[in-house]
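To keep things clear, I will list the structure first and then write my remarks on it.
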Amino acid sequence: MAEKSVYEHLKSEGVSRREFLKACGVLVGAMGMNKLPPVADSNLPPHLARGAKVIYQVAEALENKPRVPVIWLEFQDCAGCSEALTRSQSPTLVDLVLKQISIEYHETLTAAAGHQTEANKQAIMEQYRGQYLLVVEGSIPLGADGAYCTVGGRSAEDILREAADGAAAIIATGNCAAFGGLPMANPNPTDAKGVMDILTDKTVVNIPGCPAIPEATTGTIAHFLVFGTLPELDDLNRPKTFYGVTVHDRCLRRPFYEAGKFAKSFDDEGAKKGWCLYKLGCKGPTTYNACASIKWDGGTSFPIQSGHPCLGCSEPGFWDGGGFYQGQSAPLQRPAIGAVGAATAVGVVVGAGMAAANKAQKKG
């Protein structure tokens, strides 16, 4: 018996065709897909035709493709990225991606345990070899022959290499998996490494953050789910849709930066007036992430909006990057307004997608 497609599964859960197409529109926004050639022989205005084409392209893929099995491994981590995903406030996107794919193995979320869980993972890796998606959370320790992190008596490195061997794509979510994170901070007693430092012969998509933004992880999974390919990546293997510009480029405090108005302590008049946190050690100018556009808690806020400087958690070595709350993270320069405007374009699309998801939730 053939497996149900994503759409067939959604339909069986009571999702209407209209709701399905709305969800496809949200996915388009989340993946930042705002640049496509015009649709030929269309009566729609060109800008609408481009949007309609990609939405129906996504819908067609989800109508015909079966759900993708996912193996989710956790190593040296706090489970913060999994916690962030399960508490995401954009359920339209998260439900579509995480509940309508099939997470076959996740140590924290699985109901089974021990030998039963491990046997299921082995069966999935054999049955869906070359088809399943591997998501890794946490760093991999190489010290003491891997004894610092073992599952079922096996080292994290051994388990990772085995699962990666048959994976169709590999995603490292969170700074620990991407770049080593806190376990790799000086003096790095466990000799922790990021996934791409171990799997040097494979392409690993990095979704860094501490924790990673849920929509960045699900949006990347959605891209693979829909198109069967990985999104465009930067030089650190981060999806450009979410890591294409700095936090500073989209920051709501940017006008105060341009005006030279800076808070000098957390309780001075500048802080109370919402001035720029640059001189309190904000790493926004050198940190690439979508925090300022997607935000957290259903788009409610992000650290800078809440009065806390960016700590640069989506960058390599952020725990050792000159200390928190100390100094300035970049020369005090004001880029051309045109460059800033261009850089925010994708952020606007992603933010709009998240807003649509939250609006759909409230109506539901």
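The values are calculated or read from the model by the stated rules, or taken from the named source; none is laboratory data. Values in this document were obtained by computation on a predicted structure and should not be read as measured data. Ideal geometry is used to build each Cβ from the backbone, glycine not excepted, and the neighbour counts take in all protein chains shown.
Would you mind stating whether residue 206 is in the same structural domain as residue 80 (by TED's automatic domain parsing), touching a residue at least 24 places away in the same chain (Cβ under 8 Å), among the polar types (S, T, N, Q) and within 16 Å of residue 140 (Cα to Cα)?
Here the answer is yes, as residue 206 does meet what is asked.
Consider region 290-303. How many of its residues are touching a Pro at 6+ places or on another chain (Cβ under 8 Å) and either of a type in the set (D, E, K, R) or touching a residue at least 60 places away in the same chain (Cβ under 8 Å) (or both)?
Going through region 290-303 one residue at a time, the tally reaches 1.
Tell me yes or no: at least one residue of region 236-247 is modelled with pLDDT under 95, of a type in the set (Lys, Arg), on the phi < 0 side of the Ramachandran plot and within 19 Å of the chain's Cα centre (by Cα).
yes
Restricted to region 205-244, and to residues that are touching a strand residue (DSSP E or B) at 6+ places or on another chain (Cβ under 8 Å) and of a type in the set (D, E, K, R), which residue is farthest from residue 77 (Cα to Cα)?
232
Run residue 240 past the list (1) out of contact with any Asp or Glu (no Cβ under 6 Å at 6 or more places or on another chain); (2) surrounded by fewer than 16 Cβ atoms within 10 Å (Cβ to Cβ) and report the number of the one that doesn't hold.
Tallying (1) out of contact with any Asp or Glu (no Cβ under 6 Å at 6 or more places or on another chain); (2) surrounded by fewer than 16 Cβ atoms within 10 Å (Cβ to Cβ), residue 240 fails exactly one: (1).
Condition check: over 23 Å from residue 213 (Cβ atoms), surrounded by fewer than 17 Cβ atoms within 10 Å (Cβ to Cβ) and either out of contact with any Ser or Thr (no Cβ under 9 Å at 6 or more places or on another chain) or modelled with pLDDT under 55 (or both). Does residue 355 satisfy that?
no
Going through region 125-145 one residue at a time, which ones are in contact with a strand residue (DSSP E or B) (Cβ under 9 Å, 6 or more places away or on another chain) and farther than 20 Å from residue 85 by Cβ?
Those that are in contact with a strand residue (DSSP E or B) (Cβ under 9 Å, 6 or more places away or on another chain) and farther than 20 Å from residue 85 by Cβ: 125, 127, 128, 131, 140, 141, 142, 143, 145.
Six or more apart or on different chains, Cβ under 6 Å: which pairs go from a residue in region 210-225 that's within 12 Å of residue 314 (Cβ to Cβ) to one that's outside any helix (DSSP H, G or I) and of a type in the set (Gly, Ala, Ser)? Could you list them?
Sorted first by the residue in region 210-225, then by its partner, the pairs are 211/174; 212/174.
For residue 297, indicate whether it is at positive phi and not assigned by TED's automatic domain parsing to the domain that holds residue 133.
Taking the combined requirement at face value, the residue satisfies it.
Residue by residue through region 274-292, note down the ones that are over 25 Å from residue 218 (Cα atoms), surrounded by fewer than 24 Cβ atoms within 10 Å (Cβ to Cβ) and in contact with a Lys or Arg (Cβ under 8 Å, 6 or more places away or on another chain).
Result: 274, 275, 279, 280.
Just to be sure I understand the filter: pairs with C-beta atoms under 8 Å, separated by 6 or more residues or on different chains, first member in region 101-128 and in the same structural domain as residue 77 (by TED's automatic domain parsing) and touching a residue at least 40 places away in the same chain (Cβ under 8 Å), second member acidic (Asp, Glu) and part of a helix (DSSP H, G or I). Which pairs pass?
125/162
Could you tell me which of the residues 218, 229 is in a loop (DSSP other than H, G, I, E, B) and among the β-branched types (Val, Ile, Thr)?
Among 218, 229, only 229 is in a loop (DSSP other than H, G, I, E, B) and among the β-branched types (Val, Ile, Thr).
Within region 120-165, can you find the residues that are part of a loop (DSSP other than H, G, I, E, B) and crowded, with 21+ Cβ neighbours inside 10 Å?
Hits for region 120-165 are 132, 138, 149.
Filter region 158-192 down to the residues that are in contact with a Pro (Cβ under 8 Å, 6 or more places away or on another chain) and farther than 23 Å from residue 221 by Cα and list them by number.
Correct list: 183, 190, 191, 192.
Can you tell me how many residues within region 281-319 are over 15 Å from the mean Cα position of the chain (by Cα) and outside any loop (DSSP other than H, G, I, E, B)?
Qualifying residue count, region 281-319: 6.
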